[in-house]
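Enquirer: Quick one: the structure is below, questions incoming.
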Amino acid sequence: MSRMFPIPFNRPCFIGNEQAYIVQSIANGHISGDGPFTRKCEAFLAEALRAKKVLLTTSCTHALEIAAILLQLKPGDEVVVPSFTFVSTANAFALQGARPVFADIRPDTLNIDERAIESLISPRTRAIVPVHYAGVGCEMDTILEIARRNGLVVIEDNAHGLFGRYKERFLGTFGNLATQSFHETKNFSCGEGGALIINDLEFLERAEIIREKGTDRSRFFRGQVDKYTWVDFGSSYVISDILAAYLFAQLEAYQLIQARRQRIWNYYYEGLREWAQNQGVRLPFVPPSCDQSYHMFYLIFPSEIDREHMIDHLKSHGILSVFHYQPLHLSPMGSRFGGRSGDCPVTEQVSRTLLRLPFYNDLSETVQEYVVEIVRQFNTRS
């Protein structure tokens, strides 16, 4: 096969009505933020998740930044985050002057290790930010109890987990706040986009102000004030209605998309289970208490060398596979906040050995059969 990667790791997929809704958005004459499709998406998500309020944003990163501003952090305040996550999880709070305190992850789900959180809490700790890795829920009962005992805010980074559940309750509805991603790589996408889920209505009015550049513009549009002005900190976090139109087409087909992704995940799991057991390779683990979102499929190899050899093996057969997060506590910025080698040993090991396989909404069974066949040709013990 060609080395031009005819089988990509990811690609954006249309579900059917995206183009029609974009045309409708343009015809509506409202393509800036908070237009008809923005409201449709927010209402759909709030109803589907049974959330109190949802605000669309330009990205999950920006939703996290709003959450950080809402905390009114002071220099020296601390926020507990997993080291194995995307940089935005920590950066959003560091931008507000807080110090991210890096927690290790569980070796099974790769979520923040709830058993390690309490030892990281100090008098300066303000929040815990669990990340539902691969759309598998963190141990939220324990995390919420730790937060309650210590008077902390919980902000769920649910970039991977839309429509996943923990103990039959949707991810993103446990914390005071939660964030979602609609980036091109996610189950539901508009290229770039996100959402802030507000489960504690105490944060709602100020969240609307922060999202609208620090103005009370939302209150003005509701007729609550006769003019709007600058009243707080904020930035431009409101998504274009054109992007919301694209997103709405995907959200209204969420059951179809999730069914497709479930088929893909299950095909990988069943097709690779025996091979993985024989090769000492770990497959994703989903606890009985969780219904995952089917966001990704990964392999964890016995060693970094095995992982790199598999990347090369797949590449030689025209298949693009990728690794994932580098430990934040070992990054140049992480070291500025006190991160040191050995602080998060599970994170360090997983980062060196995890590999993600191609996964996108219209990945056909024929193509996936080929990927599985090529993976099974690989021998870690050769």
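Enquirer: Against the longest principal axis of the chain, how steep is helix 241-251, in degrees 0 to 90 to the nearest 10, with axes from Cα atoms?
Expert: 50 degrees
Enquirer: In the chain, what % of DSSP beta bridges are antiparallel (nearest 5)?
Expert: Looking only at bridges with both residues in the chain, the antiparallel portion is about 60 percent.
Enquirer: Local charge sum around Ser335 (other residues, Cβ-Cβ under 13 Å, Lys/Arg +1, Asp/Glu -1)?
Expert: So the surrounding residues net to +2.
Enquirer: Around Ile374, what is the net charge, scoring Lys/Arg as +1 and Asp/Glu as -1 over all other residues with Cβ under 13 Å from its Cβ?
Expert: Values: positive: Lys315, Arg376; negative: Asp312, Glu369, Glu373.
After counting each charged neighbour, the total is -1.
Enquirer: So, one more: Would you work out which of Met140, Ile198, Phe163 lies farthest towards the positive end of the dipole of segment 100-243? Charges go on Cβ: Lys and Arg +1, Asp and Glu -1.
Expert: Positive-most Cα among the choices belongs to Ile198.
Enquirer: Also: Putting +1 on Lys and Arg Cβ atoms and -1 on Asp and Glu Cβ atoms, find which of Gly223, Gly175, His313 reaches farthest to the positive end of the dipole of the chain.
Expert: Of the listed residues, the answer is Gly223.
Enquirer: Moving on to the next point. When a/c reaches 1.5 or more, the comparison of a/b and b/c decides; with that in mind, is segment 168-223 rounded, prolate or oblate per its Cα gyration tensor?
Expert: On the way: a/c = 2.90, a/b = 1.39, b/c = 2.09.
Oblate shape, in that a/c is at least 1.5 and b/c is the bigger or equal ratio.
Enquirer: Determine, for each peptide in 113-122, 239-248, the mean count of other beta carbons within 10 angstrom over its residues, then list the peptides with the highest first.
Expert: 239-248, 113-122
Enquirer: Now for a different question. Listed highest first by mean packing, meaning other Cβ atoms within 10 Å per residue, what order do 304-312, 87-95 come in?
Expert: Output ranking for 304-312, 87-95: 87-95, 304-312.
Enquirer: So, with +1 on the Cβ of K and R and -1 on the Cβ of D and E, and no other charges, what is the size of the charge dipole of the chain about its Cα centre, to the nearest 20 debye?
Expert: Roughly 220 debye, rounded to the nearest 20.
Enquirer: Less than 13 Å Cβ to Cβ from Arg217, Lys/Arg counted +1 and Asp/Glu -1: what total charge do the surrounding residues give?
Expert: -2
Enquirer: Can you give me the long-range amide H partners of Arg99? Hydrogens built in the peptide plane at 1.01 Å from N, cutoff under 5 Å, separation of 5 or more residues or another chain.
Expert: Gly76, Asp77, Glu78, Val79
Enquirer: If you don't mind, there's one more thing I want to ask. Taking the Cα centroid of segment 326-362 and of segment 17-48, what is the distance between the two, rounded to the nearest whole Å?
Expert: Computed from Cα coordinates, the inter-centre distance equals 37 Å.
Enquirer: Turning to a different aspect of this structure: When the helix-only estimate is applied to the chain (DSSP H runs of n ≥ 4, each -39,500 (n - 2.57), divided by the residue count), what is the mean residue ellipticity at 222 nm, nearest 500 deg cm²/dmol?
Expert: -12000 deg cm²/dmol
Enquirer: Pairs to check: Lys74/Lys213; Lys74/Lys186; Lys167/Lys213; Lys74/Lys227. Give those whose C-alpha atoms are more than 27 Å from each other in this structure. Walk me through the numbers before you get to the answer.
Expert: On the way: Lys74/Lys213 21 Å; Lys74/Lys186 33 Å; Lys167/Lys213 37 Å; Lys74/Lys227 31 Å.
From the list (Lys74/Lys213; Lys74/Lys186; Lys167/Lys213; Lys74/Lys227), the Cα-Cα distance tops 27 Å for Lys74/Lys186; Lys167/Lys213; Lys74/Lys227.
Enquirer: Starting from segment 19-103, pick out the trypsin sites (Lys or Arg not before Pro) whose DSSP state is loop and whose Cβ has at most 12 other Cβ atoms within 10 Å. Intermediate values should be presented prior to the final figure.
Expert: Numbers: sites: Arg39, Lys40, Arg50, Lys52, Lys53; in loops: Arg50, Lys52.
Sites meeting the loop and neighbour criteria: Arg50.
Any read-out appearing in this document is the output of simple, stated calculations on the displayed coordinates, not a laboratory observation. Treat the numbers as computed from the prediction; the structure is a model and nothing was measured. A quick note on method: Cβ atoms are made from the backbone with ideal geometry, for glycine too, and the neighbour counts reach across all protein chains shown.
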